[in-house]
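What follows is calculated from the coordinates using simple rules that are stated; it is not laboratory data. No experiment lies behind these values; they were computed from the predicted model shown. Here the Cβ positions follow ideal geometry from the backbone for every residue, glycine too, while neighbour counts run over all protein chains shown.
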Amino acid sequence: METKEFTSSYYFEDMSACPCRSAFDNVRYPWESLERKERILKYERDLRGNIHPSVIMSGNIKIGKNTVISPYSVIQGPVVIGEGCEIRSGALIRPRTVIGDKVVVGHNSEVKNSIIFNEVKIASNVFVGDSVLGRGARLGSGTILGNRRFDQGMVTVKIGEKRVTTELEKFGCIIGDYSRLGANCTVSPGTLIGKHAWIMSSVVNGFIPSDSMVKIKTEMQIVPKERIYLSRTDSKGNV
């Protein structure tokens, strides 16, 4: 039997907040839901929100009522976006993404092949790749959820001494309900973050337990330097 930290219930308390709950039925590990959500993405195009004329859409897309899609956003189906969401200007929603209700996707942010529970807030200039975000999770501006290993091998996850392969070449992270990541966090592929965890601006990987806080302490140093006048161009005259 797996330890509780490998189960979906460790990360998600309220599965009614999941926009594709059936994708989690009988899964052994929570990341398996990313592959099992395909049946949810089989539908006819249904656009009920307030969509600005400049928005670019392709493929099958389902948008719930009272959702606002702001100017110059791009949505590449198949994609499901729930009710009462706000997709801000310049956002890119890539294929196989399922977004719940009352979700905010910030300016210039990108979401790809992910499951986003209700009430998630994604700030500006964020990348969410192949990840699952629990209810009410928060991602600060500039946060990157990396989804591919440097050596392009299969992504693995590790809790304690146990390492499990996901059998996925691309997998970002699991973020539990109401966890919060500060601005400019970088999360390595295969990271598992429990419920109600707070992560200050930092690089994180591995397993972060529920109800914990991650702090990276750094010391700012101010030292004398030689004064140099920077040139507007390089040695060949290029700007």
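Listing for the model above:
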{"read-out": "Long-range Cα-Cα pairs in segment 4-214 (distance over 23 Å), rounded percent", "value": "39 percent"}
{"read-out": "Computed magnitude of the charge dipole of segment 1-71 (debye, nearest 20; Cβ of K, R +1, Cβ of D, E -1)", "value": "360 debye"}
{"read-out": "Cα lying deepest toward the dipole's positive end in the chain, options Ser210, Asn50, Ile81, charges on Cβ", "value": "Asn50"}
{"read-out": "Selected from Leu41, Leu139, Leu192 as most flexible by GNM, with the chain as the system and alpha-carbon contacts under 10 Å", "value": "Leu41"}
{"read-out": "Using a Förster distance of 41 Å, the FRET efficiency for Thr218-Lys65 (Cβ separation, nearest 0.05)", "value": "0.35"}
{"read-out": "In Hz, Karplus ³J(HN,Hα) per residue of segment 189-205 (6.51, -1.76, 1.60; θ = phi - 60°; x = Gly, Pro)", "value": "x, x, 7, 10, 10, x, 5, 6, 8, 10, 10, 5, 4, 5, 9, 10, 7"}
{"read-out": "Check: segment 4-214 dipole with +1 on Lys, Arg Cβ and -1 on Asp, Glu Cβ, in debye", "value": "200 debye"}
{"read-out": "Gain in span if fully extended, Glu38 to Asn50, counting 0.36 nm per residue against the direct Cα distance", "value": "1.7 nm"}
{"read-out": "Modelled FRET efficiency - R0 35 Å, Val74 with Ala183, Cβ distances, 0.05 increments", "value": "0.90"}
{"read-out": "Cα-derived Rg to Rh of segment 17-67, Kirkwood definition", "value": "1.08"}
{"read-out": "Helix-only [θ]222 nm of the chain, DSSP H runs n ≥ 4, -39500 (n - 2.57) each, per residue, nearest 500", "value": "-500 deg cm²/dmol"}
{"read-out": "Dipole of segment 1-133 [Lys/Arg +1, Asp/Glu -1 at C-beta], most positive-end residue of Val105, Ile69, Asn125", "value": "Ile69"}
{"read-out": "Longest exposed-site-free window of the chain, the sites being trypsin sites (Lys or Arg not before Pro) in a DSSP loop that have at most 14 other C-beta atoms within 10 Å", "value": "66-214"}
{"read-out": "Within segment 105-144: backbone nitrogen closer than 14 Å to the Asp14 label point (7 Å, Cα to C-beta)", "value": "117-121, 134-138"}
{"read-out": "Per-residue Cβ neighbour rank within 10 angstrom, fewest leading, Phe127, Phe150", "value": "Phe150, Phe127"}
{"read-out": "Length gained when the stretch Val27-Ser89 is fully extended (0.36 nm per residue, less Cα-Cα span)", "value": "18.8 nm"}
